[in-house]
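Notes for the one structure printed next.
The values are calculated or read from the model by the stated rules, or taken from the named source; none is laboratory data. Source: prediction; values computed, not measured. Note that each Cβ is placed from the backbone with ideal geometry, even for glycine, and that neighbours are counted across all protein chains shown.
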C-alpha cells in the first residue's frame, strides 16, 4: 500500500469510527454534515499522527506499569483534544467519552486488520 492509500485509509477508518460512536453512544454527538464528519476524521488522523506519539512517550512508564491499559486514557485524550478544537463534535460527559473511546479504538482495530489483510494479497 502506498503512502497516499494508507493516509486515505486512516482518514476513512477514523471517520467511520467516529460515525459509529455517534450512532451507538448516547451524548456523543457529531455534525449532520458528511463533509464536517470527514474533516473530523482528517483532524483525528492528524492528532493521532502528531500528538499521540508524544503522549505515548511522556506516559510511557504508566503504559508499562498498566500493561498497556493506559493507552485507553491516551486515546480518550485524543478525543478530548478533538472535541475541544472542533465545534462539529460534542462529547457530553465522561461515560460517553469512555464508551466512545473504546468503540473508536475497536472499530479502528478491526478496520486495520481488514486493511492489512487486503494489503497482503497484493
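Count, please, the residues in the range 90-111 that happen to be over 12 Å from the mean Cα position of the chain (by Cα), part of a helix (DSSP H, G or I) and loosely packed, with under 15 Cβ neighbours inside 10 Å.
Counting residues in the range 90-111 that are over 12 Å from the mean Cα position of the chain (by Cα), part of a helix (DSSP H, G or I) and loosely packed, with under 15 Cβ neighbours inside 10 Å gives 3.
If you check residue 77 against the conditions, is it in contact with a strand residue (DSSP E or B) (Cβ under 9 Å, 6 or more places away or on another chain), assigned to a helix (DSSP H, G or I) and closer than 18 Å to residue 27 by Cα?
no
Return a yes/no flag: does the range 60-68 have any residue that is at pLDDT 95 or above, surrounded by fewer than 16 Cβ atoms within 10 Å (Cβ to Cβ) and part of a loop (DSSP other than H, G, I, E, B).
The answer is yes, given that some residue of the range 60-68 is at pLDDT 95 or above, surrounded by fewer than 16 Cβ atoms within 10 Å (Cβ to Cβ) and part of a loop (DSSP other than H, G, I, E, B).
Taking the condition surrounded by fewer than 18 Cβ atoms within 10 Å (Cβ to Cβ) and either without any contact (Cβ under 8 Å) to a residue 24 or more places away in the chain or assigned to a helix (DSSP H, G or I) (or both), does residue 40 pass?
Spelling it out, it is not the case that residue 40 is surrounded by fewer than 18 Cβ atoms within 10 Å (Cβ to Cβ) and either without any contact (Cβ under 8 Å) to a residue 24 or more places away in the chain or assigned to a helix (DSSP H, G or I) (or both).
Hey, among 44, 30, 10, which residue is under 15 Å from the mean Cα position of the chain (by Cα), modelled with pLDDT under 95 and under 17 Å from residue 112 (Cα atoms)?
After ruling out the rest, the residue left standing is 10.
Which numbered condition in (1) under 23 Å from residue 6 (Cβ atoms); (2) touching a strand residue (DSSP E or B) at 6+ places or on another chain (Cβ under 9 Å); (3) without any contact (Cβ under 8 Å) to a residue 24 or more places away in the chain is the only one that residue 82 fails?
The single condition residue 82 does not satisfy is (3).
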